[in-house]
């Protein structure tokens, strides 16, 4: 595993309403539960994880920009911005930090407008419908990706 690995987990609009908003879709766990779940996993993996949330597109872009030179990977749940924010797509593409898009619900089983992600093409992959566990799977992937990259650099 890469030493001193740093992952930024970015959550978009309305994720702060977990446990309140549509519990039949998103469950009863709160955003604080999600933060604790991710942070505990980071500790278990001996990596630094920054978990951030904003309802503002510009702030999400600022978070992404901050990863350049400061973080090894991004886990992002852009929320509704997934479906129309070319600005977030461009920010992800511009930093060249590997990113995995995550969605708590299976966006492909929901309303038609949710089936298209304009941000996913700027990511190395997308995980949908696996709830909180999707974040950990994304972190695991990034851990392997960064470790592989570091081994190639050493060779």
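The values are calculated or read from the model by the stated rules, or taken from the named source; none is laboratory data. Computed from a prediction, not measured in an experiment: that's the story for all the values here. In this analysis, Cβ positions are derived from the backbone assuming ideal geometry, glycine residues included, and neighbour counts consider all displayed protein chains.
Among the listed residues 75, 9, 51, 102, identify the single one that is within 14 Å of the chain's Cα centre (by Cα), surrounded by fewer than 21 Cβ atoms within 10 Å (Cβ to Cβ) and not in a loop (DSSP other than H, G, I, E, B). Testing whether each residue is within 14 Å of the chain's Cα centre (by Cα), surrounded by fewer than 21 Cβ atoms within 10 Å (Cβ to Cβ) and not in a loop (DSSP other than H, G, I, E, B) leaves just 51. For the range 36-48, residues that are in contact with a helix residue (DSSP H, G or I) (Cβ under 9 Å, 6 or more places away or on another chain), part of a loop (DSSP other than H, G, I, E, B) and surrounded by fewer than 19 Cβ atoms within 10 Å (Cβ to Cβ) total 1.
Per the conditions (1) surrounded by fewer than 19 Cβ atoms within 10 Å (Cβ to Cβ); (2) in a helix (DSSP H, G or I); (3) modelled with pLDDT under 95, the sole criterion not satisfied by residue 82 is (1).
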